[in-house]
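First the structure, in the form of structure tokens, and then the observations on it.
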Amino acid sequence: MNRWQDLYKEKRKTIPEVMATIPNGAKIMSGIGNGQPQGLLSGLAQLVKQGNHKDLCYFNTLAVMGNIMADPAVSGLCHYRDAYATVNVRKLIPSGLVEYKPTMLSDGPVELAAEYDTVFQTVSPMDEFGFFSMGIEPDYTFPVIKSGKPLRVIFEVNKHFPPTFGYNRVHITEVDSIVEHDWQIIAVPPAPPSESDMKIAEQIVTMIPDGACLQLGIGGTPNAIGTLLEGKKDLGIHSEMICDAFLHLYKAGALNNSRKNFMPHRGVGTFVFGSKELYEWVTMNPGIEMWGADFVNDPRTACKNDNLIAINGIVEADLTGQCVSEEMNGRTYSGLGGQQDFTLAAYWSNGGKAFLTLAASRVDKEGKKHSNILPKAMGTVGMSRWNTQYVVTEFGIANMKGKTIPERVEAMIRIADPDFRDELRLEARKYGWIR
């Protein structure tokens, strides 16, 4: 047994032992998706339910662990904050049981390091040199740990958590406590793209050249993109999320990172979320590197990639190019994530293009159809009209870059659902935007 193993043994604790050290008023954060440690969070939920930790604050993003912390019996007895609302979380926001925290992922590490004092994180088993890989989830937690701020760092070692290449390792000397808790990480097969997803993707792929560097967000359109780009050559990755579309393109021979001018021959990301096969693909794959969000999502870094293509989903747009991605019907639905980071990065990239995608209309529970393109945005604007470049629906692509308000309005009306175009034109005239 070497000295790192001796130190590991000293720092290893049971979950109840760790919970006994958590004071009321602690500010605890965990990472994105599978970076959220099931064992520690289950212990924390039980601690909060005792009713003595009402000043405790807990933060995460993209909660995938069911109702561990998003259980009203837990979130009602502490301060639970989330930067990307999933189905379990979004229904609790209107009642105040969850506090939504609008956050650009590139800024997250700085904000969180200033506010939080404890990190809970899933990691892979320690290697012979005393390092833990944060693997598929370095996201914002890794740079917070490396920030130099005094923190309590508590790791949950899970033998099923994939280690990866990149800058995402933390040494045993930087860790306060370790628990061992194995669980199968959450795997979600890619959802089949809808008809509108395919129509949107068909238009975008005509504007993606061979050798482009891709960033793909969450949703059906990225999955469609993965199918339709099979015939391209030498594609690369610099993306907040590594998703199954990239694996599909790799298997098709379309993706190899060979023409990236920045960090060539390596696909770069800050979190991985998708199928079991995707996790197997990135595990200790020298062609995939996982770095912190402060690096991957920083527009000043990402824009160093020539021909950066950013593709992200929105839920609403207005006639001047303002875009909404966080809210539906006036309520928080998801989060901003890295959308603003990569839209700006692609805008700055030499040859880059930023696409914001949405279905032109939707049908509510009563069967009534509504336009997703409105005269003026009803939800909170996540992408201002100054930064929006291309808005895409199943009916076309509207280029906002360098356009006047009348030009923007006409372009947006052209990509609206035909059933609403006359109404939108009438409203635009009322505002004096067009004649």
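Summary table
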| item | result |
| --- | --- |
| Close pairs (8 angstrom Cβ cut-off, 6 or more residues apart or separate chains): more than 16 Å from Leu112 (Cβ to Cβ) in the stretch 53-80, of a type in the set (Lys, Arg) and modelled with pLDDT under 95 anywhere | Leu77/Lys54; Cys78/Lys54 |
| Enumeration of residues in the stretch 37-55 that are in a helix (DSSP H, G or I) and out of contact with any strand residue (DSSP E or B) (no Cβ under 9 Å at 6 or more places or on another chain) | Ser42, Ala45, Gln46, Leu47, Lys49 |
| Index of the failed condition, Ala191 passing every other in (1) surrounded by fewer than 22 Cβ atoms within 10 Å (Cβ to Cβ); (2) without any contact (Cβ under 8 Å) to a residue 60 or more places away in the chain; (3) not in a loop (DSSP other than H, G, I, E, B) | (3) |
| Among the residues listed as Lys49, Lys27, the single one being of a type outside the set (Val, Ile, Thr), under 21 Å from Pro150 (Cβ atoms), in contact with a helix residue (DSSP H, G or I) (Cβ under 9 Å, 6 or more places away or on another chain) and touching a residue at least 24 places away in the same chain (Cβ under 8 Å) | Lys27 |
| Subset of the stretch 105-142 (residues that are surrounded by fewer than 21 Cβ atoms within 10 Å (Cβ to Cβ) and in a loop (DSSP other than H, G, I, E, B)) | Asp107, Asp117, Pro125, Asp127, Glu128, Phe129, Gly130 |
| Residue satisfying condition, being assigned by TED's automatic domain parsing to the domain that holds Ser334 and on the phi < 0 side of the Ramachandran plot, within set Asp176, Asp210, Asp127 | Asp210 |
| Whichever residue in the stretch 203-219 is in a helix (DSSP H, G or I) and in contact (Cβ under 8 Å) with a residue 40 or more places away in the chain and, among such residues, is nearest to Ile288 (Cα to Cα) | Ile204 |
| Condition broken by Cys57, with the remaining ones in (1) surrounded by fewer than 20 Cβ atoms within 10 Å (Cβ to Cβ); (2) more than 30 Å from Leu7 (Cα to Cα); (3) hydrophobic (A, V, I, L, M, F, W, C) satisfied | (2) |
| Single residue of the stretch 380-394 satisfying the filter (in a loop (DSSP other than H, G, I, E, B) and among the polar types (S, T, N, Q)) that is nearest to Gly352 (Cα to Cα) | Gln389 |
| Residue, farthest from the chain's Cα centre (by Cα), within the stretch 136-187, restricted to residues that are small (Gly, Ala, Ser) and closer than 20 Å to Trp291 by Cβ | Gly148 |
| Among (1) among the hydrophobic types (A, V, I, L, M, F, W, C); (2) part of a loop (DSSP other than H, G, I, E, B); (3) farther than 27 Å from Glu111 by Cβ, the one test that Phe262 misses | (3) |
| Selected residue [in the same structural domain as Lys260 (by TED's automatic domain parsing), within 30 Å of Ser95 (Cα to Cα) and not charged (D, E, K, R)] from Gly335, Gly352, Gly321 | Gly335 |
| Scope the stretch 33-68; condition of a type outside the set (A, V, I, L, M), under 18 Å from the mean Cα position of the chain (by Cα) and more than 17 Å from Gln184 (Cα to Cα); matching residues | Phe59, Asn60, Thr61 |
| Exclusive hit being under 29 Å from Leu235 (Cβ atoms), in the same structural domain as Asn329 (by TED's automatic domain parsing) and either surrounded by fewer than 18 Cβ atoms within 10 Å (Cβ to Cβ) or touching a helix residue (DSSP H, G or I) at 6+ places or on another chain (Cβ under 8 Å) (or both), set Ala416, Ala359 | Ala359 |
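The values are calculated or read from the model by the stated rules, or taken from the named source; none is laboratory data. Keep in mind that what you see is a predicted model, and the values were worked out from it rather than measured. Positions of Cβ are generated from backbone atoms using ideal geometry, with glycine treated the same way; all protein chains shown enter the neighbour counts.
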